[in-house]
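In what follows, a single structure is set out as structure tokens and then discussed.
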Amino acid sequence: MARLNILCIESSFLLREGLKTLLGQMGKPFSMEECDVVVDDLAKVLRKAKPQLVIANPDMLTAIGAFPREMPECDHRIFYTGLVNEQTADKAKARFDFLLPVHADKLSLSRRLEEILTAIFGKTADSETGTLSERELSILKHIALGLTNSDIGEQLFISPHTVMTHRKNITRKLGIKTVSGLTVYAILNKLIKVEELQVSDRHEAQL
Amino acid sequence: MLINKEMKMADVIHLNHHLLPIINRFGIQLGFGERTVQEVCKDYAVNLDFFLEIVNTFHDPSYFPLRHLRSFAPGMLIDYLQKTHLYYLKIKLPEIAQYIRQLTTNTDMDPNHVQLLQDFFTSYESELSAHINREEQRVYPYIRTLEKALQTGAVMTDYPTSEAYTIHHYEEEHDDVESKLFDLKNIIIKYLPSPVESRLFNIILHELFELEKDLNNHAHIEDLILVPMVEKMEKELIKAKSNQ
């Protein structure tokens, strides 16, 4: 998954560190640009940081009117989360897409952050769930039998480059990197039989 | 928190018990009493600064002792790395192999599955051993020769300007063995049906995680300290040769 770029505008060091800790526990890769002074020229800061998500203390943004959601320099929409407390005025809150009450307990903060990240990224894609497609299963079978990328390409009428792409996806989905590891997986899941393997080993030895 | 010489050795173990095998590698054994790190190192005639750098590098992977560690004699570093190798070959790998063998007596496990696991581990073992042997037989002697040449001021005729083995070859060899260990862990965690009595499975998995952590630290020391150290020696020797 792509790394989430976050711009945090908040003067409190402890709050920024706390946010990083919470985000780190969400299990999604992110990097955070930090700004600890009041921002007069938001557009300038955005151009530099190119964030997908801005998490800001409302008091530290002096510009009036709506926040810029799109920038010519960014190829994505920018979302805004306000760090709010009991004193934050409704008018200030209304400018943000999401709100994070800074005095909430850890569980509600995590849930809130999870909702925000899901709203930005959408649900976890199929590629992350570990289910292999029919095509990938068939390629996996061939890999386990010891065939090379070009062999597989020839048999399935696809380019070696395409085989490589499938292999990368298989490795990512299963969490197995080596050919021998994939072979074990294939046997455990009855995609191939141990006997087939020995036949193909002999075949290889003859070549 | 960094480990320093004033800390009690017993507190170091309380802080991070994973350090025990590392400390043993220096010949230091349990039963520290109230002695500090400094005192224990003195008792065992261990170089204190070197000891601190090694345990801190292991304790905190983001700790990077660049300047400090590189100032130690390469021979001292190689001695340590060789002890680590011995630990893998003579203790850790046989131990894990033994646990896997014990699985065969487990009646509620498919013997074919145990065989698969055993074969996979055996092939991992031989790959790791081959890698270690290459280092022992080619890389370390090479580094010791470099060190000697620099000490004696002798100009090397065949190193490193010839086609001979230079440290760059060595850097490329890492990695492959790591992937296999990664796979082995995932096969056990995700794909191999666990026996109802999973105690042995848990032990094996735990051992694999410990081994991985140790190997990562070993590779970390080699890549970030040993390789730059040798590169520096190679440059000095080339310079000495061209000055001649």
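Things to note:
- For first residues located in the range A:1-21 and under 24 Å from A:T62 (Cα atoms), partners that are assigned to a helix (DSSP H, G or I) and lie 6+ apart or on another chain with Cβ distances below 6 Å form the pairs A:L7/A:A49; A:C8/A:R16; A:I9/A:M60; A:E10/A:R16.
- Pairing residues of the range A:146-157 that are among the aliphatic types (A, V, I, L, M) with residues that are part of a loop (DSSP other than H, G, I, E, B), at Cβ distances under 9 Å and at least 6 apart in sequence or on separate chains, gives A:I152/A:I158.
- Helices (runs of 4 or more DSSP H) wholly inside the range B:52-131 containing at least 2 residues that are touching a residue at least 12 places away in the same chain (Cβ under 8 Å), surrounded by 14 or more Cβ atoms within 10 Å (Cβ to Cβ) and more than 20 Å from the chain's Cα centre (by Cα): B:93-102
- Checking each residue in the range A:141-174 for being farther than 20 Å from B:N186 by Cα, part of a helix (DSSP H, G or I) and not polar (S, T, N, Q) picks out A:H142, A:D151, A:I152, A:G153, A:E154, A:L156, A:P160, A:H161, A:V163, A:M164.
- Residues located in the range B:190-207, provided they are part of a loop (DSSP other than H, G, I, E, B) and charged (D, E, K, R): B:E197
- Filter result for the condition that a residue is surrounded by 12 or more Cβ atoms within 10 Å (Cβ to Cβ), outside any loop (DSSP other than H, G, I, E, B), modelled with pLDDT under 95 and not assigned by TED's automatic domain parsing to the domain that holds A:S12, over A:S110, A:S138: A:S138
- Hey, A:K177 within 14 Å of chain B (Cβ to nearest Cβ), assigned to a loop (DSSP other than H, G, I, E, B) and at pLDDT below 95 or not: yes
- B:I187 vs. criteria in a helix (DSSP H, G or I), within 21 Å of B:L117 (Cβ to Cβ), within 14 Å of chain A (Cβ to nearest Cβ) and in contact with a Phe, Trp or Tyr (Cβ under 8 Å, 6 or more places away or on another chain): yes
- Failed condition for A:K28, given (1) in contact (Cβ under 8 Å) with a residue 40 or more places away in the chain; (2) surrounded by fewer than 12 Cβ atoms within 10 Å (Cβ to Cβ): (2)
The values are calculated or read from the model by the stated rules, or taken from the named source; none is laboratory data. For clarity, every value in this text was computed on a predicted model and none was experimentally measured. All Cβ positions, glycine included, derive from the backbone under ideal geometry; neighbour counts span all protein chains shown.
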